[in-house]
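Below is one structure, written out as structure tokens; comments come after it.
Readers should treat all values here as calculations from the given coordinates under stated rules, not as data from a laboratory. Computed from a prediction, not measured in an experiment: that's the story for all the values here. Using ideal geometry, Cβ is built from the backbone for each residue, glycine included, and neighbour counts are taken over all protein chains shown.
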Amino acid sequence: MTPEPQSLTGTDPVPGPPPGCPAHGLGAGGPHRLYGPDAADLDDLYERLRDEHGPVAPVLLHDDVPMWVVLGHTENLHLVRSPAQYTRDSRIWTPLQEGMVKPDHPLMPHIAWQPICSHAEGDEHQRLRAAVTGAMSTIDHRNMRRHIGRYTQELVNDFCERGRADLVSQFAEHLPMAVMCELFGMPEEYNDRMVQAARDALKGTETAIQSHTYVMDALSRLTTRRRARPDDDFTSHLITHPAGLTDDEVREHLRLVLFAAYEATANLLANALRMVLTEPGFRAQLNGGQMTVPEAIEQSLWDEPPFSTVLGYFAKQDTELGGQIIRKGDGLLFAPAPGNVDPRVRPDLSASMQGNRSHLAFGGGPHECPGQDIGRAIADVGVDALLTRLSDIQLDCPEEDLRWRSSIASRHLVALPVRFEPKPQQDVQRPPSPAPIPSQRATWQTGTPRTEPAPAAEPRPMVPPPVPEPAVAPRQARRAGLWRRLLRWWRGE
Ligand code: HEM
């Protein structure tokens, strides 16, 4: 459908009341609420909005604050790649300037302007971002992959003898925090309390402020220590970068990086593992060797981007996007979730996206996620090592019982219960042992993504019947090859 051009904040040449105005009415043809009962299923709501309004639709945030949500893939890319037209600086947002957005608005933590690179633009953005990317460039990726493997082993050791686990609270939420504390140079701060504090601070519960203070205290102590005595870690390189960050700026950027890495990567790990456990085609392709773990992670980034939307971008001038008139001061939601399923780029959602990395999960333009390689490495190595150790892993509840905690910004799996045959602990300094690997695990792939879509494979049973010991050399050679590959991977080669 071709939508009628309209504008959010009135004073436009289009006849009739603007969307959001009570005279226009909510629902079909007007804006929909992105909260409350209307938004029980946000994916469904985005599709209705796409049908009614096209690639850019008017919506209402809490307290009926007007906003645009960008649904089209091309329009989302245009939004993030046009810094001359759109900024991430919320101080120019008309509803904020007019007092419509109260200080206790539930989305204020996402919207309120802060002196950090994700809200800055131009030279200031370049200065702050250069310090972050400069410090990231000093990370030794082979070492990092080794840490990810070791922490995965430790986490699996904590539950492998029980034969049951919740992969959200015992794995996905821990691994990114452990790795980030290591990269920051504060491995001693990684513990259950730190994970709980980060989870709590992001959920915005009553204890969120206390939890936030707990995390900030750790980051302040680290900043003071490294300012006095720099070492070879992310924090020290952030402090000593020629951009000359103040202690406050260092702390704020450590917080930004820690929370972005923790939340997004925990979501990515949980989503990818859920896909492997519940979608037989996915599992069969992995088992059959037609898909590698990195390819599976990439497919998950298409289907369930860890950040469904990013709040927000703000128009610096009157303009047009996706057939809508955007007024100076209007707010827009950059929206990877609906953008990734735009029928103009994905007419068939069941078609494999193997080899195609043009999803919106990491944003784009000047603010494109600088930590994507780190996030991908945590997910690739973590998922592969976990599946190598627990090759017979299965979902421990009916799929329909899985629950998500949804907000506009993200959709977070509450728990992912699994069961498997109890296994002995392993030495965390060794690569995940191939010894207990049943025959089908010999085909987990860790290689470079292929560019050709793979043919669909027949699903295999999770625990295959015993396979007679191979009498022929090729299978032994394949196993030896697997072992060598695992060793190479473990060494970070
Ligand atoms: C793996 C999952 C991750 C996803 C899906 C993700 C996604 C995103 C998205 C969508 C943005 C906003 C882009 C925009 O404003 O247009 C962003 C920004 C950012 N991310 Fe990530 N991220 C991930 C992991 C990480 C990690 C591991 C780190 C750090 C180690 C990180 C650090 C940042 C920072 C510092 C920004 C702000 C950049 C700026 O405004 O210039 N992210 N990320």
Could you compute the net charge surrounding Cys181? Neighbours are other residues with a C-beta less than 11 Å from the C-beta of Cys181; K and R count +1, D and E count -1. -4
Segment Gln372-Met108, extension gain: residue separation times 0.36 nm, minus the distance between their alpha carbons: 92.5 nm
Scoring only Lys, Arg, Asp and Glu (+1, +1, -1, -1) among other residues with Cβ under 11 Å from the Cβ of Asp200 yields +2
If neighbour count is taken as other Cβ atoms inside 10 Å, put Leu34, Leu273 in order from fewest to most. Leu34, Leu273
What is the magnitude of the charge dipole of the range 226-354 about its Cα centre, with +1 placed on the Cβ of each Lys and Arg, -1 on the Cβ of each Asp and Glu, and no other charges, expressed in debye to the nearest 20? 120 debye
Using a simple spin-label model with points 7 Å from Cα along the Cα→Cβ vector, what separation in nm is obtained for Arg162 and Arg193? 2.2 nm
Sequence of Ile326, Ile139 once ranked by neighbouring C-beta atoms within 10 Å, starting from the fewest: Ile139, Ile326
Are there GluC sites (Glu not before Pro) in the range 107-205 that DSSP marks as loop and that have at most 15 other Cβ atoms within 10 Å, and which are they? Glu161
With unit charges on the beta carbons (Lys and Arg positive, Asp and Glu negative) and the dipole taken about the Cα centre of the range 337-443, which residue among Pro424, Gln354, Gly339 sits farthest to the positive side? Gly339
Excluding residues on the same chain fewer than 8 positions from Lys102, give the lysines whose Cα lies under 29 Å from its Cα. Lys203, Lys316, Lys328
Work out the charge dipole of the range 293-406 with +1 on the Cβ of Lys and Arg and -1 on the Cβ of Asp and Glu about the Cα centre, then indicate which of Gln324, Gln394, Val381 is farthest towards its positive end. Gln324
